[in-house]
Amino acid sequence: MPGSAMSIRHILHYPDKRLRIPGQKVVDFGPEFQTLLDDMAETMYAAPGVGLAAPQIGVSLRLFIIDVATGDDEPSDLRVFANPTIVKTEGEVTWEEGCLSFPGVHEEIDRAERVLVKAQDRQGKWFELETDGLLAIAIQHEHDHLEGKLMVDHLGVLKKRLVHRAMVKRSAELSA
Ligand code: NI
């Protein structure tokens, strides 16, 4: 890629307050946006994770990427969701989720089983996708990030407090 080297961005960890800032609409799908997407992909794959939302790297945009093809022998399946709206949901499912902003935390969270999402791709072209399974879970999880909503917000009071304490302790130890 002439002139632009991809780079891994710093992922914000809870309780960083910037994770609470809702994303703004993506209006420019130009070169800067393309570089941002390349950086997000590189950051997500390096972590590694199956999804990454722009607010997680301190970029307040309604934008996330997902790749649920995690197996070594599977081809990559990078999907871009800009300005997404979850139009319809169906059913209920409980899924053990993790988040790159909550290292080491895995919690069971109730989600819709099936979603219909409308979004723009990396060229700004609108598309609709109806899906279930891990992809549907990831879409709901990443979409939350665009609203400043985090996985702890889905937990009961006690579990939320435990995760909060563990993460605060972790960040204190890291900065000590
Ligand atoms: Ni997350």
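Running a GNM on the chain with Cα contacts under 10 Å, which residue among 58, 156, 49 ends up with the highest mean-square fluctuation? Result for the chain, Cα springs under 10 Å: 156 fluctuates most.
Restricting segment 127-161 to trypsin sites (Lys or Arg not before Pro) that sit in a DSSP loop and have at most 14 other Cβ atoms within 10 Å of their own Cβ leaves nothing.
Residue-wise HN-Hα couplings along segment 96-103, as the Karplus relation 6.51 cos²θ - 1.76 cosθ + 1.60 with θ = phi - 60° gives them from phi, are 7, 10, x, 7, 5, 8, 10, x Hz; Gly and Pro carry x.
Using a 10 Å cut-off on Cβ atoms, rank the peptides 8-14, 139-145, 87-93 from the highest mean neighbour count down. Numbers along the way, then the final one.
Details: 8-14: 16.6, 139-145: 22.7, 87-93: 12.6.
Top to bottom by mean Cβ count within 10 Å: 139-145, 8-14, 87-93.
Measuring with a 1.4 angstrom probe and ignoring ligands and nucleic acids, residue 18 comes out at about 120 Å² accessible. Taking θ as phi - 60° and the Karplus parameters 6.51, -1.76 and 1.60, the scalar couplings of segment 127-137 work out to 9, 10, 9, 10, 7, 9, x, 4, 5, 5, 5 Hz in sequence order, x denoting glycine and proline. Between residue 72 and residue 168, the simple label model (points 7 Å from Cα in the Cβ direction) yields a spacing of 4.1 nm. When the residues 132, 72, 67, 77 are ordered by accessible surface, computed with a 1.4 Å probe over the protein chains alone, the sequence from largest down reads 72, 132, 77, 67. Taking all Cα pairs closer than 8 Å and separated by 6 or more residues, the relative contact order of segment 1-158 comes to 24 percent. Taking 0.36 nm per residue of sequence separation and removing the Cα-Cα distance, the residue 125/residue 21 pair yields an extension gain of 34.9 nm. Taking the helices alone, the chain has a mean residue ellipticity at 222 nm of -9500 deg cm²/dmol, built from -39,500 (n - 2.57) per DSSP H run of at least 4 residues and averaged over all its residues. Using a 7 Å offset from Cα along Cα-Cβ at residue 34, what residues in segment 7-22 end up with backbone N under 20 Å from the label point? Of the residues in segment 7-22, 7-9 have backbone N under 20 Å from the label point off residue 34.
With +1 on the Cβ of every Lys and Arg and -1 on the Cβ of every Asp and Glu, and nothing else charged, how large is the dipole of the chain about its Cα centre, in debye rounded to the nearest 20? Could the numbers behind the result be given before it?
Working: 20 positive and 28 negative charges, 203 e Å.
Magnitude of the dipole: close to 980 debye.
Karplus-derived 3J(HN,Hα) values for segment 140-151, using 6.51 cos²θ - 1.76 cosθ + 1.60 with θ = phi - 60°, are 5, 5, 5, 4, 3, 4, 6, 9, x, 9, 10, 4 Hz; glycine and proline are entered as x.
Counting heavy atoms of the protein chains only and a 1.4 Å probe, report the per residue accessible area for segment 20-111 as a whole number of Å². Could the numbers behind the result be given before it?
Values: 4550 Å² over 92 residues.
Result: 49 Å² of accessible area for each residue.
For segment 105-169 versus segment 56-88, the inter-centroid distance based on Cα atoms is 11 Å. Over the chain, all Cα pairs binned in 10 Å intervals from 0 give whole-percent P(r) values of 9, 37, 38, 14, 2, 0, listed from short to long.
Let's test the formula: R0 of 22 Å, r as the Cβ-Cβ distance of residue 110 and residue 12. What FRET efficiency results, to the nearest 0.05? Working shown, then result.
On the way: r = 25 Å, r/R0 = 1.14.
Efficiency at R0 = 22 Å is approximately 0.30.
Quick one: which residues, 5+ away or cross-chain, put their amide H under 5 Å from the amide H of residue 99? H built at 1.01 Å from N. Those lying under 5 Å, H to H, from residue 99 are 105.
The values are calculated or read from the model by the stated rules, or taken from the named source; none is laboratory data. As the structure is a computational prediction, the values presented were derived from the model and not from experiment. Here the Cβ is made from the backbone with ideal geometry for all residues, glycine too, and neighbour counts use every protein chain on show. Accessible surface areas use protein heavy atoms only, side chains included; no ligands, DNA or RNA. Shrake-Rupley method; radii C 1.70, N 1.55, O 1.52, S 1.80 Å.
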